[in-house]
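The values are calculated or read from the model by the stated rules, or taken from the named source; none is laboratory data. In this text the structure is predicted, and so the values were computed from the model without any measurement. Cβ placement follows ideal geometry from the backbone for every residue including glycine, while neighbour counts extend to all protein chains displayed. In case anyone asks, the SASA skips ligands and DNA or RNA and just uses the protein heavy atoms, side chains included. Shrake-Rupley method; radii C 1.70, N 1.55, O 1.52, S 1.80 Å.
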Amino acid sequence: MQRIGFSIIAAVLVLAACSAPPSGTRSAGYVVEGSADTGTSWRHARKAQVTLDTEPLRSDGIHDPQNESIAALQEPAEAMGAFPTDRRGAPDWVKALSLGIIAPRADLEGKGEMKVLDMDILFKNTGGMPWVRFPHSTHTKWLDCTNCHDEIFIPKAGANKIGMDAILAGEFCGRCHGKVSFALWVCERCHSVPHPGSPEKWW
């Protein structure tokens, strides 16, 4: 029952954060694919973090600590205690989904099915960085197409002027990433396709 309740709460948080207008501020925060490697260093200085960072409800700046109903809510540390983590200590939602720890529902009653689109888009205009592979399947296991199209992304090749400045300012991918989805400072999570001239691994 807790797992189902948490899935609904997580879905509501994702939809609320992603449907908000662009922040106008730069997000901080990037994730690795494996997330179980405790010895990986980042920029040759930072070790991978495998403990999950959570903020108690009473001090998260969102919930009213004086409201007695807060006691009925599950603390994030408990709700996400079994989650795998990325190397910055944040929950690895994609891995949690693939492991069956969470199971998003297509509707509140759980009668519908998610419409998963298995189509990747490869962005090659990335300068010296590895190309970006955008997997629709990973996103549509959580979200309906209307969450992104047409307000955030116009579904037409070349119609979206996506760049890191815009993403860091909370536009395009930055509408969710750096907020409720994985953070924006582990470059290789998105820049995952090496090409001639792209740098060697630094993670």
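Some points to look at:
- Comparison of 166, 159, 183 shows that the only residue that is over 30 Å from residue 102 (Cα atoms) and part of a loop (DSSP other than H, G, I, E, B) is 159.
- Test set (1) in contact with an Asp or Glu (Cβ under 6 Å, 6 or more places away or on another chain); (2) at pLDDT below 90; (3) open to solvent by 60 Å² or more (accessible area, probe 1.4 Å) - residue 88 fails condition number: (1)
- Of the residues making up segment 94-140, those that are aliphatic (A, V, I, L, M), farther than 18 Å from residue 182 by Cβ and either open to solvent by less than 60 Å² (accessible area, probe 1.4 Å) or in a loop (DSSP other than H, G, I, E, B) (or both) are 103, 106, 108, 114, 116, 117, 119.
- Where a residue in segment 67-92 is on the phi > 0 side of the Ramachandran plot and its partner, wherever it lies, is in a loop (DSSP other than H, G, I, E, B) and open to solvent by 60 Å² or more (accessible area, probe 1.4 Å), with Cβ under 7 Å and at least six apart: 89/51; 89/53
- Inclusion of residue 159 among residues that are touching a helix residue (DSSP H, G or I) at 6+ places or on another chain (Cβ under 8 Å), more than 16 Å from residue 120 (Cβ to Cβ) and surrounded by fewer than 18 Cβ atoms within 10 Å (Cβ to Cβ) is not warranted.
- Selection count where residues are open to solvent by less than 70 Å² (accessible area, probe 1.4 Å) and among the aliphatic types (A, V, I, L, M), scope segment 51-72: 3
- Count of segment 169-180 residues which are at positive phi and part of a helix (DSSP H, G or I): 1
- Residue list for segment 73-85, restricted to those being open to solvent by less than 80 Å² (accessible area, probe 1.4 Å) and among the acidic types (Asp, Glu): 75
- Tally of residues being of a type in the set (A, V, I, L, M, F, W, C) and surrounded by 21 or more Cβ atoms within 10 Å (Cβ to Cβ) across segment 169-193: 6
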